[in-house]
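Asker: Pasting in a structure now, in structure tokens, and then I'll have a few things to ask.
The values are calculated or read from the model by the stated rules, or taken from the named source; none is laboratory data. Here the structure is a predicted model, which is why all the values come from computation and not from measurement. For neighbour counting, all protein chains shown are included, and Cβ atoms are generated from backbone atoms with ideal geometry for every residue, glycine included.
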Amino acid sequence: MPLPFSLKPLLLGGALTLLAGCQAMNPAAELRGTGDLGVVVERATGSLALVDTSEREIIDRVEGLGDLSHASVKFSRDARYAFVFGRDGGLTKVDLLTGEIVERVIQSGNSIGGAISQDGNYVAVANYEPGGVKVFASDDLELIADIPATYENASGETERSKTVGLVDAPGNTFVVSLFEAGEIWTLDMATDDPKVQRYQEVGEMPYDALISPSGRYYIAGLFGEDGLALLDMWHPEAGVKRILPDYGRGEKRLPVYKMPHLEGWALAGDQAFFPAVGRHEVLVADTGDWSLIERIPVQGQPVFVMSRPDERQVWVSFAHPKNDVVQVIDTQSHEVVKTLAAGDSILHMEFTPRGEHVWISARDSDHVKVYDTETFEELATLPAESPSGIFFTDRAHRIGL
């Protein structure tokens with residue numbers, strides 16, 4: 001039976017009073033969304049700066065996260081929790097609304113990143129030492145599976161390989177590359193007992209990898225040779241094939257001061273933009289057949305090559321010693337249209353979900369700068385302690401990020 005109109009304000013007022021009482025007891029329970037939140041890794045202090053991307057400000061800090069010298073972050077399905085993968089093997093679950101550590105485990109001696117499964121139930125970590133992948137329950141970080149990355153070396157001895165390029169894929173699958181082994185593995189997490197599929201002899205020293213936004217193509221960069229290794233997740237029975245082979249044939253490779261990162265690759269229509277290892281170039285490939293279209297000259301060795309969400313621009317950061325600027329490439333003309341001096345030792349970039357702004361971390365300048373991506377106007381400078389990775393919560397709903 002419908003309530004009399006005169007009673008509705010009384011009931012509503014009571015509910016609001018109860019809510020206000022709960023918030024008074026716990027100020028952190030103030031209602032807000034997480035869609036415009038993010039974190040900046042402060043590697044010098046082992047902390048996270050929690051940021052509001054709409055207000056362009058730091059709203060909180062979380063300390064006690066260990067060695068964050070090469071840290072990465074993933075987000076829970078509901079975008080409330082951040083999972084921080086530290087270089088010291090630490091895996092930490094952080095509540096973005098309360099600014100508190102929920103759970104923390106030291107799960108290895110040296111780890112390099114991780115991923116969240118499609119259903120949000122599993123957190124996987126790629127480890128250098130000991131080499132392998134560990135899988136944890138996302139709610140309480142209970143260990144679910146320990147998968148050593150074993151392989152047979154040239155002498156017939158069994159060794160363990162560093163694991164890199166760990167990403168999530170559709171079907172509750174993880175994909176990972178083995179550096180020394182030259183292999184790619186898929187881990188089917190349909191159950192708590194993962195099924196492992198190995199692809200061997202994919203290329204020399206896969207050092208990092210990415211997966212396309214659709215989850216179809218897993219591509220590993222090869223440090224030991226020119227080219228990349230591609231696994232079509234729609235047709236895994238076809239195995240791994242090489243793409244962009246010998247893109248530097250006949251040229252002398254420059255010393256590599258920092259390995260490129262493929263996670264932030266740039267996809268624009270039917271083109272893919274990649275950093276070239278040991279060269280001052282951004283490579284452009286046709287995603288139809290993965291042939292090389294063009295090599296775009298840039299001012300240094302590219303580290304991150306990232307597409308603005310509308311795919312109209314590609315932003316490029318660089319390795320030492322020319323790492324005090326970023327360059328912007330027009331994806332139609334393939335020309336560098338802007339160079340921005342954002343600070344000393346630029347390490348990472350992150351676009352707001354719809355791409356109107358970009359945040360750039362400058363480690364040695366101890367700040368993060370925010371720019372308008374259309375006008376290139378500087379909008380804010382935020383102080384941070386040796387900032388490196390920047391991660392926004394919209395990644396929670398994107399494959400591979």
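Asker: Of the residues in the range 362-397, how many are assigned to a loop (DSSP other than H, G, I, E, B), under 22 Å from the mean Cα position of the chain (by Cα) and more than 20 Å from Ser47 (Cβ to Cβ)?
Answerer: So the count comes out to 1.
Asker: Filter the range 37-71 down to the residues that are assigned to a loop (DSSP other than H, G, I, E, B) and either hydrophobic (A, V, I, L, M, F, W, C) or within 14 Å of Ile360 (Cα to Cα) (or both) and list them by number.
Answerer: Hits for the range 37-71 are Ala44, Thr53, Arg56, Leu65, Leu68, Ala71.
Asker: May I pose another question? Can you name the condition, by its number, that Ser6 falls short on among (1) under 30 Å from Pro387 (Cα atoms); (2) modelled with pLDDT under 95; (3) of a type in the set (Ser, Thr, Tyr)?
Answerer: (1)
Asker: Would you pick out the residues in the range 357-398 that are surrounded by fewer than 16 Cβ atoms within 10 Å (Cβ to Cβ) and of a type in the set (D, E, K, R)?
Answerer: Asp364, Asp372, Glu374, Glu377, Glu378, Arg398
Asker: Please give the strands (runs of 3 or more DSSP E) falling wholly within the range 156-213 in which 2 or more residues are at pLDDT 95 or above, closer than 17 Å to Leu262 by Cα and of a type in the set (A, V, I, L, M, F, W, C).
Answerer: Result: 163-169, 173-178.
Asker: Now a separate question. Mind checking which residues of the range 230-265 are among the aliphatic types (A, V, I, L, M), at pLDDT below 80 and farther than 24 Å from Asn172 by Cα?
Answerer: If the condition is that a residue be among the aliphatic types (A, V, I, L, M), at pLDDT below 80 and farther than 24 Å from Asn172 by Cα, then Leu254, Val256, Met259 are the ones that fit.
Asker: I'd like to check something: does the range 123-133 contain any residue that is out of contact with any Phe, Trp or Tyr (no Cβ under 9 Å at 6 or more places or on another chain), at negative phi and of a type in the set (Val, Ile, Thr)?
Answerer: no
Asker: Quick one: which residue in Leu401, Leu347 is assigned to a strand (DSSP E or B), buried (at least 17 other Cβ atoms within 10 Å of the Cβ) and modelled with pLDDT under 95?
Answerer: So the residue among Leu401, Leu347 that is assigned to a strand (DSSP E or B), buried (at least 17 other Cβ atoms within 10 Å of the Cβ) and modelled with pLDDT under 95 is Leu347.
Asker: Return yes or no: is Arg363 at negative phi, among the charged types (D, E, K, R), in contact (Cβ under 8 Å) with a residue 40 or more places away in the chain and in contact with a Ser or Thr (Cβ under 6 Å, 6 or more places away or on another chain)?
Answerer: Taking the combined requirement at face value, the residue satisfies it.
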